[in-house]
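Working notes, beginning with the structure itself.
Computed from the coordinates by the stated procedures, all read-outs in this text should not be read as laboratory data. Predicted model only: the values in this text are computed from it and were never measured. Virtual Cβ from ideal backbone geometry, glycine too; neighbours counted across all protein chains shown.
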Amino acid sequence: MRALIAVCVVTLTCTAFLGAEEPIAAPAPPTLMMASATPCGPAVTLHIRTTQFVPTTIDIGRKMPVSDSTIANGRVVERVRYLEVLEQQTVMRPTPGAVMSVPVDGEHVFVTDLKGKPVLPSRLATMLKKETAVLVSMNGPVDPFFLQTTKPGTLIVYLPAERMSAPLEVLPPAKTDPNEPPLAKPKQ
């Protein structure tokens, strides 16, 4: 009995001394955005296009099994037919959003390649002459797990979250093409 009490006292003392474990935050995946860059003397300004999600209604066709029971020659015959049923579903369709201009200062905002090597501003301006897909991380280094399927040559922009919410130079959303085809129906 004394040994059990001693173990409990030691356990409680160690727990109180060491403190409770703090929960570990899971790393967040980087966000895929479109970006271009323009040189401004020795510095570079990134133009990052955000993504807006707009609710869109689509029709989804499904085949539903319907069973019929009939009596033929004194026996019950079960028959299954498939009826096509159209359902409307609301999905969030990604559309181009506002463009944010952010100067690359190398301290708060910087760009690296997939291996973590910093990209020089002079090289960045030539790599992003036209709008290109980049990964944007707003909470520190990107876990390599999220980069396993990333195309080689993709750049990672490290941008503090407060820069995304700060009212920088925000341009209106891009006009969408009315001739753009609708979302493809999911395969079943």
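Structural remarks
- Restricting the range 29-71 to residues that are of a type in the set (A, V, I, L, M, F, W, C) and within 17 Å of Leu155 (Cα to Cα), the residue that is surrounded by the fewest Cβ atoms within 10 Å (Cβ to Cβ): Leu32
- The criterion of at least 2 residues that are more than 25 Å from the chain's Cα centre (by Cα) and among the hydroxyl-bearing types (Ser, Thr, Tyr) is met by the following strands (runs of 3 or more DSSP E) wholly inside the range 41-139: 43-72.
- Extreme residue, surrounded by the most Cβ atoms within 10 Å (Cβ to Cβ), among residues of the range 86-123 that are out of contact with any Leu (no Cβ under 9 Å at 6 or more places or on another chain) and among the aliphatic types (A, V, I, L, M): Leu120
- Test: residue in the range 72-84 that is in contact with a Gly (Cβ under 8 Å, 6 or more places away or on another chain) and farther than 21 Å from Ala37 by Cα: yes
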